Ligand SMILES: [Ca+2]
């Protein structure tokens, strides 16, 4: 593994970013699973936009994937401090094929920046949906 320079560098960056993933304005991994069975998952990044960029919001760039052909769709959504969950984006066809793309800035329309954001991926199953929820991420 050490002889593969690119893969090793990627692994180190990934590990470092994960260890520091609770705050920042540089893209950090946003890889979630709904459960150990992995019915739904995200793969991508989050960051906070600088003040003056967009709405200074919580910016996500993730694939939202439905991994099990069980008739239940999968969706992703985010939120920022003081607000409920955003609208949902995902693959709602209940099939294992394909992923949706969520490339959104989630922001406070009454502020020039936000300090806190969170994201979840959920299976639209019976009763309360089964979700994988990130920690709260912070700008500072
Ligand atoms: Ca499914």
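No lab work stands behind these numbers, since they all come straight from the coordinates. This structure is a prediction, so every number in the text was calculated from the model and none was measured. Note that we place each Cβ from the backbone using ideal geometry, even for glycine, and neighbour counts take in every protein chain shown.
Quick look at the numbers
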| read-out | value |
| --- | --- |
| Estimated distance in nm for a label pair at residue 110 and residue 125, the labels positioned 7 Å out from Cα along Cα-to-Cβ | 3.7 |
| Ascending count of other beta-carbon atoms within 10 Å, so fewest first, for 121, 114, 53 | 53, 114, 121 |
| Cα-projected label distance for residue 38 with residue 83, points at 7 Å along beta-carbon direction, nm | 3.2 |
| Calculated FRET efficiency for the pair residue 133/residue 69, C-beta based, R₀ 35 Å, to 0.05 | 0.90 |
| Value of relative contact order over the stretch 23-138, rounded to a whole percent, pairs C-alpha under 8 Å and six or more apart | 28 |
| Exposure proxy order (Cβ contacts within 10 Å, fewest to most) of 33, 47 | 33, 47 |
